Amino acid sequence: MTLQPFPGDWHTALVLVPHPDDPEYGIGAAVAKWTSAGRRVHYALASRGEAGIEGLAPEEAGPLREREQIRSAAIVGVEDVTFWDFPDSQIRDTPALRARISGTIEEVAPDVLITIYSGPEWAPGQPNQRDHIEFATAVTAAYDALVHPPRWLFENGPDGTHGEVVDGFVEVAVESLAAHERYLSVLDPATPVYAQARAQVEQATAGRPEFGGRPTVEFILTRTRSTP
């Protein structure tokens with residue numbers, strides 16, 4: 001599919017994800033570009049990632065991953081980071097989750113809403129996590145129930161419809177993902193943290209022919225309203 005340029009006529013974005021590090025694995029370079037241009041970006045996370053570090057008790061892992069996420073977000077210019085305390089690895093599309101999503105959208109009143117990919121696979125043989133699917137499904141349901149939803153709802157995932165060119169912002173995205181140091185060091189002890197971060201960010205910002213091969217973050221437009 002040919003990518004269209006990501007919309008430019010907006011001021012505030014709300015990024016809704018289930019876990020710490022979810023923004024950094026996909027959209028960090030785009031976020032850095034937006035904040036450097038004076039746009040406001042808010043993060044809201046359903047959990048603190050307390051189940052995400054093997055060998056570390058949830059009561060230790062949760063606060064640690066929260067600190068890493070706050071530090072990581074600050075690197076790309078995001079100061080507003082909220083955690084909701086839904087249970088990591090057990091996030092489900094429930095009325096309570098939809099209500100929290102709706103309330104946050106109404107509070108922030110963004111022009112653009114961005115969430116994680118809801119599809120079953122990132123690529124053949126690479127299944128998506130249930131937390132991701134359930135959370136993104138809840139975001140769409142909450143959006144559809146709003147009387148005055150944001151102008152656009154995007155997912156970050158494969159087979160995108162829109163692209164944000166991120167020349168000059170790849171390195172800061174690597175630094176941002178690498179700020180999840182403890183998480184990455186346990187996830188793959190054999191690979192240095194910065195090497196993991198660089199490999200992931202370079203994959204998430206692969207060049208696209210529509211934009212002259214320049215590094216690009218892809219987004220999937222799933223909802224839009226016709227008037228601002």
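The values are calculated or read from the model by the stated rules, or taken from the named source; none is laboratory data. Not measured: the values here are computed from a predicted model. Counting neighbours? That spans all protein chains shown, and the Cβs are built from the backbone with ideal geometry, glycine included.
Here is a check on your reading of the model: is Arg151 closer than 28 Å to Asp111 by Cβ and modelled with pLDDT under 95?
In short, no.
Is it true that Pro150 is more than 15 Å from the chain's Cα centre (by Cα), part of a strand (DSSP E or B) and within 22 Å of Asp9 (Cα to Cα)?
Spelling it out, it is not the case that Pro150 is more than 15 Å from the chain's Cα centre (by Cα), part of a strand (DSSP E or B) and within 22 Å of Asp9 (Cα to Cα).
Which members of region 36-56 meet the condition of being more than 24 Å from Pro87 (Cβ to Cβ) and buried (at least 18 other Cβ atoms within 10 Å of the Cβ)?
Of everything in region 36-56, those that are more than 24 Å from Pro87 (Cβ to Cβ) and buried (at least 18 other Cβ atoms within 10 Å of the Cβ) turn out to be Arg40, Val41.
Of all residues being touching a residue at least 60 places away in the same chain (Cβ under 8 Å) and not in a helix (DSSP H, G or I) in region 192-212, which is surrounded by the most Cβ atoms within 10 Å (Cβ to Cβ)? Just the residue, please.
So the residue we want is Thr205.
I need every pair where a residue in region 213-228 that is surrounded by fewer than 19 Cβ atoms within 10 Å (Cβ to Cβ) and among the basic types (Lys, Arg) has its Cβ under 6 Å from the Cβ of a residue that is in a strand (DSSP E or B) and at pLDDT 95 or above, sequence separation at least 6 or different chains.
Pairs found: Arg214/Val165; Arg214/Gly207; Arg223/Leu153.
Within region 35-63, how many residues are assigned to a helix (DSSP H, G or I) and either among the basic types (Lys, Arg) or without any contact (Cβ under 8 Å) to a residue 24 or more places away in the chain (or both)?
The total comes to 4.
Got a sec? Which of Glu50, Glu68, Glu60 is charged (D, E, K, R) and closer than 24 Å to Phe169 by Cα?
On inspection, the qualifying residue turns out to be Glu68.
Is it true that some residue in region 6-29 is in a strand (DSSP E or B), in contact with an Asp or Glu (Cβ under 8 Å, 6 or more places away or on another chain) and closer than 23 Å to Arg151 by Cβ?
yes
Give just the number: which of (1) among the small types (Gly, Ala, Ser); (2) within 15 Å of the chain's Cα centre (by Cα); (3) modelled with pLDDT under 95 does Ala136 not satisfy?
The one condition Ala136 does not meet is (3).
Determine the pairs where a residue that is without any contact (Cβ under 8 Å) to a residue 60 or more places away in the chain, located within region 139-154, has a partner that is in a helix (DSSP H, G or I) and hydrophobic (A, V, I, L, M, F, W, C) with Cβ atoms under 6 Å apart, the partner being 6 or more residues away or on another chain.
What qualifies is Ala142/Ile101.
Go through (1) over 24 Å from Ser176 (Cα atoms); (2) in contact with a helix residue (DSSP H, G or I) (Cβ under 9 Å, 6 or more places away or on another chain) one by one and return the number of the condition Ala46 breaks.
Of (1) over 24 Å from Ser176 (Cα atoms); (2) in contact with a helix residue (DSSP H, G or I) (Cβ under 9 Å, 6 or more places away or on another chain), only one is false for Ala46: (1).
When Ile116 is evaluated against the numbered criteria (1) among the hydrophobic types (A, V, I, L, M, F, W, C); (2) within 15 Å of the chain's Cα centre (by Cα); (3) surrounded by fewer than 22 Cβ atoms within 10 Å (Cβ to Cβ), which criterion, by number, is the only one it fails?
Among (1) among the hydrophobic types (A, V, I, L, M, F, W, C); (2) within 15 Å of the chain's Cα centre (by Cα); (3) surrounded by fewer than 22 Cβ atoms within 10 Å (Cβ to Cβ), the lone unmet condition for Ile116 is (3).
Quick check on my filter: what residues within region 64-100 are touching a Gly at 6+ places or on another chain (Cβ under 6 Å) and part of a helix (DSSP H, G or I)?
The one that is touching a Gly at 6+ places or on another chain (Cβ under 6 Å) and part of a helix (DSSP H, G or I): Arg65.
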